[in-house]
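The values are calculated or read from the model by the stated rules, or taken from the named source; none is laboratory data. It should be emphasised that the depicted structure is a prediction, and the values quoted were computed from it without experimental measurement. When we count neighbours, we look across all protein chains shown, and the Cβ atoms used for this are built from the backbone with ideal geometry, even at glycine. Accessible surface areas use protein heavy atoms only, side chains included; no ligands, DNA or RNA. Shrake-Rupley method; radii C 1.70, N 1.55, O 1.52, S 1.80 Å.
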Amino acid sequence: AASEVNMFWDISTKSNKPHCLIVGPTGGGKTSVIRTLLTEASRRGIPFLGVDPKMIELDGLEGYPGCAAIVYDAVRSAMLVRALHSEMMARNHYVHVKKIEPSQLPLLIAVLDEFFILSGKWQRLAKTGDDETRDLLKELDPLGAWADLAVLARSAGIRLLLGVQRPDASLFGGASGNARDNFGTRISLGNLSQDG
(Lines give C-alpha, C1' and ligand atoms only; values in the text may rest on other atoms or scores of the structure.)
Protein backbone atom coordinates (compact mmCIF):
# COMPACT_ATOMS: atom_id res chain seq x y z
CA ALA A 1 0.00 0.00 0.00
CA ALA A 2 2.86 2.39 0.71
CA SER A 3 3.89 2.22 -2.92
CA GLU A 4 0.26 2.44 -4.06
CA VAL A 5 0.44 -0.98 -5.69
CA ASN A 6 -2.60 -3.22 -5.44
CA MET A 7 -1.88 -6.94 -5.49
CA PHE A 8 -4.36 -9.76 -5.63
CA TRP A 9 -4.63 -13.52 -5.87
CA ASP A 10 -6.72 -14.41 -8.91
CA ILE A 11 -8.59 -17.59 -8.03
CA SER A 12 -11.13 -17.19 -10.79
CA THR A 13 -11.82 -19.94 -13.28
CA LYS A 14 -9.94 -17.91 -15.89
CA SER A 15 -6.76 -17.69 -13.80
CA ASN A 16 -3.66 -19.43 -15.09
CA LYS A 17 -2.05 -19.07 -11.64
CA PRO A 18 -4.79 -20.19 -9.23
CA HIS A 19 -2.59 -21.75 -6.53
CA CYS A 20 -0.73 -19.48 -4.12
CA LEU A 21 2.59 -20.06 -2.38
CA ILE A 22 3.49 -17.79 0.53
CA VAL A 23 7.14 -17.93 1.58
CA GLY A 24 8.71 -16.27 4.58
CA PRO A 25 10.53 -16.83 7.86
CA THR A 26 8.82 -17.46 11.18
CA GLY A 27 7.21 -14.21 12.29
CA GLY A 28 7.41 -12.83 8.75
CA GLY A 29 3.65 -12.46 8.26
CA LYS A 30 2.66 -15.64 6.39
CA THR A 31 -0.20 -16.43 8.71
CA SER A 32 -1.51 -12.86 8.64
CA VAL A 33 -1.60 -12.95 4.84
CA ILE A 34 -3.26 -16.37 4.86
CA ARG A 35 -5.92 -15.29 7.36
CA THR A 36 -6.60 -12.13 5.33
CA LEU A 37 -7.01 -14.13 2.11
CA LEU A 38 -9.34 -16.61 3.82
CA THR A 39 -11.54 -13.99 5.43
CA GLU A 40 -11.82 -12.14 2.11
CA ALA A 41 -12.72 -15.40 0.35
CA SER A 42 -15.37 -16.02 2.98
CA ARG A 43 -16.81 -12.55 2.41
CA ARG A 44 -17.11 -13.45 -1.28
CA GLY A 45 -18.87 -16.75 -0.58
CA ILE A 46 -15.89 -19.03 -1.32
CA PRO A 47 -15.56 -21.85 1.23
CA PHE A 48 -12.23 -22.99 2.63
CA LEU A 49 -10.68 -25.69 4.75
CA GLY A 50 -7.28 -25.79 6.35
CA VAL A 51 -4.50 -27.69 8.02
CA ASP A 52 -2.54 -26.11 10.85
CA PRO A 53 0.19 -28.37 12.29
CA LYS A 54 1.35 -25.70 14.77
CA MET A 55 -2.18 -25.60 16.21
CA ILE A 56 -2.18 -21.81 16.57
CA GLU A 57 -1.98 -20.26 13.11
CA LEU A 58 -5.56 -20.89 11.95
CA ASP A 59 -7.04 -21.15 15.44
CA GLY A 60 -10.33 -19.33 15.73
CA LEU A 61 -11.38 -19.83 12.11
CA GLU A 62 -13.49 -22.91 12.94
CA GLY A 63 -17.09 -21.87 12.73
CA TYR A 64 -16.19 -18.88 10.59
CA PRO A 65 -18.62 -18.46 7.68
CA GLY A 66 -17.46 -20.68 4.85
CA CYS A 67 -14.96 -22.66 6.94
CA ALA A 68 -15.55 -26.36 6.27
CA ALA A 69 -12.83 -27.59 8.67
CA ILE A 70 -9.54 -26.77 10.33
CA VAL A 71 -7.45 -29.83 11.20
CA TYR A 72 -4.46 -29.82 13.54
CA ASP A 73 -3.42 -33.45 14.03
CA ALA A 74 -0.91 -34.95 11.56
CA VAL A 75 -2.85 -38.17 10.93
CA ARG A 76 -6.17 -36.36 10.55
CA SER A 77 -4.38 -33.90 8.24
CA ALA A 78 -3.26 -36.81 6.06
CA MET A 79 -6.88 -38.01 5.97
CA LEU A 80 -8.06 -34.53 4.99
CA VAL A 81 -5.50 -34.25 2.18
CA ARG A 82 -6.56 -37.67 0.88
CA ALA A 83 -10.25 -36.66 1.14
CA LEU A 84 -9.47 -33.48 -0.78
CA HIS A 85 -7.77 -35.62 -3.42
CA SER A 86 -10.92 -37.79 -3.62
CA GLU A 87 -13.04 -34.64 -3.97
CA MET A 88 -10.82 -33.49 -6.82
CA MET A 89 -11.15 -36.83 -8.59
CA ALA A 90 -14.93 -36.85 -8.08
CA ARG A 91 -15.20 -33.31 -9.47
CA ASN A 92 -13.12 -34.24 -12.52
CA HIS A 93 -15.28 -37.33 -13.08
CA TYR A 94 -18.44 -35.22 -12.74
CA VAL A 95 -17.15 -32.79 -15.39
CA HIS A 96 -16.40 -35.71 -17.70
CA VAL A 97 -19.74 -37.50 -17.20
CA LYS A 98 -21.96 -34.40 -17.26
CA LYS A 99 -20.01 -32.81 -20.14
CA ILE A 100 -19.84 -29.46 -18.39
CA GLU A 101 -17.15 -26.82 -18.25
CA PRO A 102 -14.92 -27.02 -15.16
CA SER A 103 -15.67 -23.32 -14.63
CA GLN A 104 -19.18 -24.36 -13.56
CA LEU A 105 -17.83 -26.10 -10.46
CA PRO A 106 -17.95 -24.18 -7.18
CA LEU A 107 -14.58 -22.89 -5.97
CA LEU A 108 -12.96 -24.29 -2.82
CA ILE A 109 -9.76 -23.10 -1.13
CA ALA A 110 -7.54 -25.57 0.73
CA VAL A 111 -4.88 -23.99 2.92
CA LEU A 112 -1.88 -25.71 4.43
CA ASP A 113 0.16 -23.45 6.69
CA GLU A 114 3.67 -24.45 7.79
CA PHE A 115 3.85 -27.26 5.25
CA PHE A 116 7.42 -28.15 6.21
CA ILE A 117 6.35 -28.98 9.76
CA LEU A 118 3.50 -31.16 8.54
CA SER A 119 5.51 -33.06 5.93
CA GLY A 120 8.17 -33.68 8.59
CA LYS A 121 5.56 -35.08 10.97
CA TRP A 122 4.20 -37.36 8.25
CA GLN A 123 7.68 -38.65 7.44
CA ARG A 124 8.54 -39.24 11.12
CA LEU A 125 5.24 -41.02 11.82
CA ALA A 126 5.75 -43.20 8.73
CA LYS A 127 9.02 -44.41 10.31
CA THR A 128 8.43 -44.30 14.07
CA GLY A 129 4.65 -44.46 14.55
CA ASP A 130 2.85 -47.56 15.73
CA ASP A 131 2.03 -50.22 13.13
CA GLU A 132 -1.51 -48.94 12.59
CA THR A 133 -0.33 -45.35 12.00
CA ARG A 134 2.47 -46.42 9.65
CA ASP A 135 0.07 -48.56 7.61
CA LEU A 136 -2.51 -45.79 7.46
CA LEU A 137 0.02 -43.18 6.30
CA LYS A 138 1.35 -45.57 3.68
CA GLU A 139 -2.19 -46.11 2.40
CA LEU A 140 -3.09 -42.39 2.49
CA ASP A 141 0.20 -41.25 0.90
CA PRO A 142 -0.46 -37.60 1.83
CA LEU A 143 2.65 -36.22 0.09
CA GLY A 144 1.72 -37.99 -3.13
CA ALA A 145 -1.88 -36.80 -2.81
CA TRP A 146 -0.68 -33.25 -2.22
CA ALA A 147 1.59 -33.37 -5.26
CA ASP A 148 -1.34 -34.61 -7.37
CA LEU A 149 -3.51 -31.79 -6.04
CA ALA A 150 -0.88 -29.21 -6.98
CA VAL A 151 -0.87 -30.49 -10.55
CA LEU A 152 -4.54 -31.42 -11.08
CA ALA A 153 -6.78 -29.47 -8.68
CA ARG A 154 -6.95 -26.35 -10.85
CA SER A 155 -9.37 -27.93 -13.31
CA ALA A 156 -11.55 -29.15 -10.42
CA GLY A 157 -12.15 -25.68 -8.99
CA ILE A 158 -9.91 -26.33 -5.98
CA ARG A 159 -7.40 -23.63 -5.13
CA LEU A 160 -4.38 -24.36 -2.95
CA LEU A 161 -2.87 -21.88 -0.53
CA LEU A 162 0.44 -23.00 0.92
CA GLY A 163 2.59 -21.36 3.58
CA VAL A 164 6.26 -22.40 3.83
CA GLN A 165 9.45 -20.99 5.30
CA ARG A 166 11.52 -22.07 2.27
CA PRO A 167 10.28 -23.10 -1.18
CA ASP A 168 12.53 -26.16 -1.47
CA ALA A 169 11.35 -28.55 -4.18
CA SER A 170 11.92 -31.54 -1.86
CA LEU A 171 9.04 -30.38 0.36
CA PHE A 172 6.55 -31.09 -2.38
CA GLY A 173 6.75 -34.87 -2.39
CA GLY A 174 7.43 -37.19 -5.30
CA ALA A 175 6.62 -34.65 -8.01
CA SER A 176 8.94 -32.15 -6.26
CA GLY A 177 9.65 -29.14 -8.44
CA ASN A 178 6.83 -29.92 -10.84
CA ALA A 179 4.31 -29.65 -7.99
CA ARG A 180 5.94 -26.48 -6.65
CA ASP A 181 5.93 -24.86 -10.06
CA ASN A 182 2.13 -25.11 -10.19
CA PHE A 183 1.97 -22.42 -7.50
CA GLY A 184 2.04 -19.55 -10.00
CA THR A 185 1.00 -16.87 -7.53
CA ARG A 186 3.86 -16.35 -5.09
CA ILE A 187 4.14 -14.00 -2.17
CA SER A 188 7.56 -13.54 -0.62
CA LEU A 189 7.78 -12.06 2.86
CA GLY A 190 11.13 -11.06 4.26
CA ASN A 191 14.60 -11.48 2.81
CA LEU A 192 15.10 -14.70 0.89
CA SER A 193 18.05 -16.17 -0.96
CA GLN A 194 18.16 -15.77 -4.72
CA ASP A 195 16.85 -19.33 -5.11
CA GLY A 196 14.07 -18.56 -2.63
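A few points about this structure:
- Beta bridges per DSSP, both residues in the chain: antiparallel share near 0 percent.
- Cα-based reach from K98 at 18 Å (exclusive), listing aspartates and glutamates while leaving out same-chain residues under 8 positions away: E87
- Structure-based [θ]222 nm, the chain - -39500 (n - 2.57) summed over DSSP H runs of at least 4, per residue, nearest 500: -13000 deg cm²/dmol
- Surrounding net charge for R134, when Lys and Arg each add one and Asp and Glu each subtract one, Cβ distance under 15 Å: -2
- Close amide-amide hydrogen proximity is noted between A68 and F48, L49, each under 5 Å apart and 5 or more residues distant or on a separate chain (H modeled in the peptide plane; Pro and chain starts excluded).
- Share of alpha-carbon pairs per 10 Å distance bin for the chain, given as whole %: 9, 36, 38, 15, 2, 0
- A simple rule links phi to the HN-Hα coupling: the Karplus curve 6.51 cos²θ - 1.76 cosθ + 1.60 with θ = phi - 60°, which for segment 105-110 gives 6, x, 6, 8, 9, 10 Hz, with x for Gly and Pro.
- Portion, in percent, of the accessible area of segment 1-84 that falls on carbon or sulfur, probe 1.4 Å: 54
- Rounded to the nearest whole Hz, the Karplus-based 3J(HN,Hα) values (6.51 cos²θ - 1.76 cosθ + 1.60, θ = phi - 60°) of segment 86-98 follow the sequence 5, 4, 4, 5, 5, 5, 5, 5, 4, 4, 5, 5, 7, with x at glycine and proline.
- Check: segment 1-149 dipole with +1 on Lys, Arg Cβ and -1 on Asp, Glu Cβ, in debye: 400
- Sequence-distant residues sharing a close amide H with T185 (under 5 Å, placed H): H19, L21
- With the simple model of a label 7 Å out from the Cα in the direction of the Cβ, E62 to T13 spans 3.4 nm.
- Centre-to-centre, using Cα atoms only, segment 8-83 and segment 90-116 are separated by 16 Å.
- Listed values for segment 114-125 are Karplus-derived 3J(HN,Hα) couplings in whole Hz (6.51 cos²θ - 1.76 cosθ + 1.60, θ = phi - 60°), namely 6, 4, 4, 4, 5, 5, x, 4, 4, 5, 5, 5, and x replaces Gly and Pro.
- Set of aspartates and glutamates near K30 by C-alpha distance (under 12 Å), chain-local residues within fewer than 8 positions excluded: E57, D113, E114
- With R₀ set to 35 Å, the beta-carbon distance separating D73 from K99 gives a calculated FRET efficiency near 0.30.
- Modelled spin labels at T36 and I117, positioned 7 Å past Cα toward Cβ, are 2.1 nm from each other.
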